[in-house]
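What follows is a set of notes on a single structure, which appears directly below.
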């Protein structure tokens with residue numbers, strides 16, 4: 001059953017060598033019908049966030065395409081750093097409306113495209129077989145949309161202003 005998913009992610013152990021906006025531009029230019037959000041805490045606030053961005057995708061899009069875009073993002077942004085710092089990874093967290101989730105550490109747990117894509121597709125297919133709760137997904141997405149720390153991003157990092 002096709003369903004909405006929330007993808008979250010961050011760069012781990014990359015220092016300031018990778019910029020989230022560049023990754024979001026990369027992803028948004030390669031995936032259709034994706035809704036992207038970037039963490040942007042208010043000035044002066046402290047944040048202990050483990051994720052830098054979130055995206056809403058529907059599995060009616062090709063699961064392989066989504067996985068390939070994530071792998072290509074790893075190759076473009078993380079792999080050059082990973083070759084110098086083996087702790088550098090692209091962390092991806094995927095959750096459904098029932099709060100079922102899967103985590104991937106591309107670079108640490110997956111070192112080649114084929115094994116990542118196989119695991120990614122298998123995991124998403126398994127999530128698709130879970131019972132569907134549209135209301136819970138709607139609530140989860142609305143919490144992000146209405147949050148004052150998540151800013152919606154359009155292609156090429158054109159920020160959509162929040163309406164308060």
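The values are calculated or read from the model by the stated rules, or taken from the named source; none is laboratory data. What you see is a predicted model, and the numbers here were worked out from it, not measured in a lab. Because the Cβ atoms are built from the backbone with ideal geometry, glycine has one as well, and the counts that use them run over all protein chains shown.
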### Message
Name the single residue that is surrounded by the fewest Cβ atoms within 10 Å (Cβ to Cβ) among those in segment 99-134 being in contact with a helix residue (DSSP H, G or I) (Cβ under 8 Å, 6 or more places away or on another chain) and assigned to a helix (DSSP H, G or I).
### Response
125
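Select from segment 68-84 the residues that are surrounded by fewer than 16 Cβ atoms within 10 Å (Cβ to Cβ) and modelled with pLDDT under 80 and write down the one among them that is farthest from residue 132 (Cα to Cα).
Ranking the qualifying residues of segment 68-84, first place goes to 84.
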### Message
Show the residue pairs meeting these rules: Cβ distance below 7 Å; 6+ apart or different chains; first residue within segment 107-126 and modelled with pLDDT under 85; second residue in a strand (DSSP E or B) and surrounded by 18 or more Cβ atoms within 10 Å (Cβ to Cβ).
### Response
107/89; 107/90; 108/89
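Going by the conditions given, is residue 160 modelled with pLDDT under 90 and closer than 22 Å to residue 50 by Cβ?
Working: modelled with pLDDT under 90: yes; closer than 22 Å to residue 50 by Cβ: no.
Criteria not met by residue 160.
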### Task
Any residue in segment 9-26 that's part of a helix (DSSP H, G or I): show its pairings with residues that are surrounded by 15 or more Cβ atoms within 10 Å (Cβ to Cβ) and modelled with pLDDT under 65 at Cβ separation under 9 Å, as long as the two are six or more apart or on different chains.
21/157; 22/157; 24/157; 25/157
### Criterion: farther than 22 Å from residue 140 by Cβ and modelled with pLDDT under 85 - qualifying residue of 45, 101
45
### Task
Kindly indicate which of 106, 124 is more than 20 Å from residue 4 (Cα to Cα) and under 16 Å from the mean Cα position of the chain (by Cα).
106
### Query
Considering only residues of segment 53-67 that are more than 13 Å from the chain's Cα centre (by Cα) and without any contact (Cβ under 8 Å) to a residue 60 or more places away in the chain, which is surrounded by the fewest Cβ atoms within 10 Å (Cβ to Cβ)?
60
